[in-house]
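Inspection log for the structure reproduced underneath, given as structure tokens.
Every number in this text was worked out from the coordinates using simple rules, so none of it is lab data. Quantities reported herein were computed from a predicted structural model and do not represent experimental measurements. All Cβ positions, even for glycine, are placed from backbone atoms using ideal geometry, and neighbour counts span all protein chains on display.
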């Protein structure tokens, strides 16, 4: 549906001479993949910049620090290595620490290739999302650093671009398409729609059933007062106990997608919920979900008790509040609107500038 090309066969052909060859490194972390693809899709407006997905999988050596992996394929599985062959790209888009050595390796070996305009020896443009660390940072033409993720009182490197939240794939065009798809499927639910997007436990913070009960009951009460319904979506981190509590306390009309009870092959309505919600409540443990919720221009509330979120997440929440993109959730609904938020647009814009300048 969206214009990535995930096909080793494409490597055997060349792109049009007027267009750069763009690779997107997709690793095994869905959050990283979503950010990289969101940027690539924002760059590829109206098919102007087609791209190829390169799927990267890791062996146990992939856990080594980047100072050891350097600009190499250490820790990358053989099948992933086999797909990294000429013709070499003009642009590489990637996200997350573990993809950084792979991107740097591509840049190192690609001096042997021909550029898309027939000139030999052009450097690959490396665009990295999230801070890959100090090792090899100068090899990247662009490092997109979320404001909440890395505080540098001494300033950023010249190749850094500060962004709000995480880039994502929910552009206005995609939300419009999802709205068209899901409107008839949710037509039986009374409006207004109150989406409840639930993450769960993180490595630093638990998600006890008491918090699930609290947020579920408050959102249910909001929907009942408004005569509307709850659109509930849980995630892989929510857990069966919290899911059970949520379904027990929500007594308003509800359309629920429970990750732990999902059926194979069934459509995930998450994108439809984002597109159609009149108001959203999102748990503050997920940078991705908070960022994606703010793609909807309607009311966005973040449920973030102090013992639930890390300092990094709290910094993101404060930034979103200051921008007027979200408000703290206190159980009350006062409708408001804001400009849709997606850092992918800013990152794609900077990559386009680099393409124009360097290629």
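Calculate, for residue 78 and residue 111, the FRET efficiency according to 1/(1 + (r/R0)^6) with r their C-beta to C-beta distance and R0 41 Å; round to the nearest 0.05. Provide the component values of the computation, followed by the final result.
Values: r = 24 Å, r/R0 = 0.59.
Working from the Cβ atoms, E equals 0.95.
Fewest Cβ neighbours within 10 Å first, please rank 186, 43, 157 accordingly. Don't skip to the answer; put the middle values down first.
Working: 186 17, 43 25, 157 13.
Fewest-to-most ranking of 186, 43, 157: 157, 186, 43.
Once you sort the root eigenvalues of the Cα gyration tensor of segment 239-283 as a ≥ b ≥ c, which label holds: rounded (a/c under 1.5), prolate (a/b larger than b/c) or oblate (the other case)?
Values: a/c = 1.84, a/b = 1.08, b/c = 1.71.
It comes out oblate by the Cα gyration axes.
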Computed [θ] at 222 nm, helices only, for the chain once each DSSP H run of length n ≥ 4 contributes -39500 (n - 2.57) = -9500 deg cm²/dmol
query = Using Cα pairs under 8 angstrom and six or more residues apart, how large is the relative contact order of segment 172-328, in percent?
reply = 26
request  = Kindly express, to the nearest 10 degrees and within the range 0 to 90, the angle between helix 172-182's C-alpha long axis and the longest C-alpha principal axis of the chain.
outcome  = 50
message = Compute the angle between helix 100-109 and the longest alpha-carbon principal axis of the chain, please, reported from 0 to 90 degrees and rounded to the nearest 10.
response = 20
ask   = Quick one: if you stick a label point 7 Å off each Cα along the C-beta vector at residue 46 and residue 224, how many nm between them?
value = 5.1
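Arrange 264, 292 by Cβ neighbour counts within 10 Å, fewest through most, would you?
Numbers: 264 4, 292 26.
Listed from fewest to most nearby Cβ atoms, that is 264, 292.
With r as the distance between the Cβ atoms of residue 352 and residue 236 and R0 = 22 Å, compute the FRET efficiency 1/(1 + (r/R0)^6) and round to 0.05. Walk me through the intermediate numbers first.
Numbers: r = 34 Å, r/R0 = 1.54.
The computed FRET efficiency comes out at 0.05.
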message = Suppose we keep just the DSSP beta bridges with both residues in the chain; what percent of those would be antiparallel, to 5?
response = 5
note = For segment 172-328, the percent of all C-alpha pairs falling in each 10 Å bin, from 0 up to the bin holding the max distance, is 11, 42, 38, 8, 0
request  = Determine the gain in length on full extension of the stretch residue 180-residue 318; use 0.36 nm per residue of separation and subtract their C-alpha separation, reporting nm with one decimal.
outcome  = 46.4 nm
query = Thinking of segment 261-327 as a set of Cα atoms, what percent of all their pairs are more than 14 Å apart?
reply = 58
task = Using only alpha carbon pairs under 8 Å that are at least six residues apart, calculate the relative contact order of the chain and give it in whole percent.
result = 16
ask   = Stretched out fully, how many nm does the piece from residue 247 to residue 330 gain, at 0.36 nm a residue minus the Cα gap?
value = 27.8 nm
query = Label residue 68 and residue 204 with points 7 Å out from Cα along Cα→Cβ: what is the distance between them in nm?
reply = 2.5
note = In this structure, the FRET efficiency calculated for residue 263 and residue 19 from their beta-carbon separation, with R0 = 35 Å, to the nearest 0.05, is 0.30
request  = Please report 251, 90, 278, 285 as a ranked list, fewest other C-beta atoms within 10 angstrom at the top and most at the bottom.
outcome  = 251, 278, 90, 285
remark   = Tilt, helix 311-323 to longest principal axis of the chain (alpha-carbon atoms), in degrees rounded to tens, equals 80
